[in-house]
């Protein structure tokens, strides 16, 4: 596999995770933004999407249900909650999008 | 000027900036809302004492000013940085005005100061009022002739202070006097710009000058596609077309420069819109405008061409800094006890 193919594979895997994360954020924003408006490096809290502490709880729950990630076991959770790409880093470091939702 | 030392103060204690890069304009009178609403790319869903962070755009959808719109009773206070045209001229030229709308430049009567750092709140609580501790992000209040907005583009606690010119020197003196206990530093614009890039804040004076819109700049949260304002038609066109380019954060171990060409296996895939040495991360950081299919973090295969050699680049998720202000809690922490408090490291790059 050459470098461009490797990169394409990395990008595809990240996009898969980002798509699922975007769906969560769209839900938290009550549809005020479309998925394509959610830039992956924009801030989730404060400025940016303007999420609040209740939304943070929802994201933590989502990480567990969607990706099997337990927030209490993540030492850098606060840093990971800063942007969609940061969340995707965390998910990808723990096996990516392979986790299937429990039935 | 010692930028690394200034940046270190912003990242670990407090720094004061007394620059002229921020303009202040007041829009008052019965038509104030209509005037600001006509140029704001975001809905003015703000109450008295709240601010909204947005951009003012030209007809091509390019950002010409990075603005905090503050709702002050029936009036609006605009605090912002602009490129080329001044904030005042933009408002005068582009805002819808009906009889009785007053647009006032506050430059003659006021100066804009700012405090940045994980303990900026503590110093300001001593100098101004303890109530500063409860001031939410993008909240502001007035105390006499002084207006204090909690904002900032360094990733740390930040406060923009609009102070009457005849009171500014005395106010700065008080900050400096009390600031000694906080190892207060003075921050130049270069240090603030370095911190902005380290914390992935848009800089209208730098990357704002490129032929890019909020779509490429990952700033869509600062605009709405369902309003009428200057530049919206161009933005809608860009959004409707497949995104060709997008910015991504990159890092390198060797010097980077604005306009450096970025390559992937020898093919040109974009260029750097901005670059700086990060004293905090001890690395070079850049904002790369890349082919959108490659503008993703976690990629190690890019290079920057430098003469006959190639500098390896890697792309990263933003922001790259684990800001101390994320962990400093005004209810529990103090600059005095900082050495006893345990905080995660600011870096290194992951």
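The values are calculated or read from the model by the stated rules, or taken from the named source; none is laboratory data. Bear in mind that the values here come from a model prediction, so they are computed numbers and not experimental data. For neighbour counting, all protein chains shown are included, and Cβ atoms are generated from backbone atoms with ideal geometry for every residue, glycine included.
Quick rundown of the values:
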{"item": "Filtered residues of region B:294-341 (kept if loosely packed, with under 14 Cβ neighbours inside 10 Å and within 19 Å of residue A:15 (Cα to Cα))", "result": "B:300"}
{"item": "Condition check for residue B:327: at pLDDT below 95 and under 25 Å from the mean Cα position of the chain (by Cα)", "result": "yes"}
{"item": "Test: residue A:53 is touching a strand residue (DSSP E or B) at 6+ places or on another chain (Cβ under 7 Å) and free of Cβ contacts under 8 Å to residues at least 24 places away in the same chain", "result": "no"}
{"item": "Checklist (1) modelled with pLDDT of 95 or more; (2) within 22 Å of the chain's Cα centre (by Cα); (3) more than 14 Å from chain A (Cβ to nearest Cβ) applied to residue B:178, failing item", "result": "(2)"}
{"item": "Selection status of residue B:75, in contact with a helix residue (DSSP H, G or I) (Cβ under 9 Å, 6 or more places away or on another chain) and within 18 Å of residue B:102 (Cβ to Cβ)", "result": "yes"}
{"item": "Pair list, Cβ under 7 Å, 6 or more apart: region B:169-184 residue surrounded by fewer than 19 Cβ atoms within 10 Å (Cβ to Cβ), other residue in a helix (DSSP H, G or I) and modelled with pLDDT of 95 or more", "result": "B:174/B:127; B:178/B:123; B:178/B:126; B:178/B:127; B:183/B:9"}
{"item": "Options A:89, A:41; residue that is part of a loop (DSSP other than H, G, I, E, B), modelled with pLDDT of 90 or more and closer than 24 Å to residue B:346 by Cβ", "result": "A:41"}
{"item": "Residue list for region A:1-22, restricted to those being in contact (Cβ under 8 Å) with a residue 12 or more places away in the chain, more than 8 Å from every other protein chain (Cβ to nearest Cβ) and either farther than 28 Å from residue B:223 by Cα or surrounded by 14 or more Cβ atoms within 10 Å (Cβ to Cβ) (or both)", "result": "A:13, A:16, A:17, A:18, A:20, A:21, A:22"}
{"item": "Yes/no for residue B:210 being crowded, with 22+ Cβ neighbours inside 10 Å, in contact with a strand residue (DSSP E or B) (Cβ under 8 Å, 6 or more places away or on another chain) and either farther than 21 Å from residue A:40 by Cα or in contact (Cβ under 8 Å) with a residue 24 or more places away in the chain (or both)", "result": "no"}
{"item": "Residue within region B:132-141 that is out of contact with any strand residue (DSSP E or B) (no Cβ under 8 Å at 6 or more places or on another chain), within 13 Å of chain A (Cβ to nearest Cβ) and in contact (Cβ under 8 Å) with a residue 60 or more places away in the chain present", "result": "no"}
{"item": "Qualifying residue in region B:42-49 (condition: farther than 27 Å from residue B:156 by Cβ and under 21 Å from the mean Cα position of the chain (by Cα))", "result": "yes"}
{"item": "Subset of region A:23-38 (residues that are within 16 Å of the chain's Cα centre (by Cα) and more than 9 Å from every other protein chain (Cβ to nearest Cβ))", "result": "A:23, A:24, A:25, A:26, A:27, A:28, A:29, A:35"}
{"item": "Qualifying residues in region B:185-207 (those that are within 14 Å of chain A (Cβ to nearest Cβ) and under 18 Å from residue B:280 (Cβ atoms)) - the one surrounded by the most Cβ atoms within 10 Å (Cβ to Cβ)", "result": "B:198"}
{"item": "Count of residues meeting criterion [in a helix (DSSP H, G or I) and under 23 Å from residue B:188 (Cα atoms)] in region B:1-59", "result": "10"}
{"item": "Failed item, numbered, when residue A:41 is tested on (1) more than 9 Å from every other protein chain (Cβ to nearest Cβ); (2) closer than 20 Å to residue B:297 by Cβ; (3) touching a residue at least 12 places away in the same chain (Cβ under 8 Å)", "result": "(1)"}
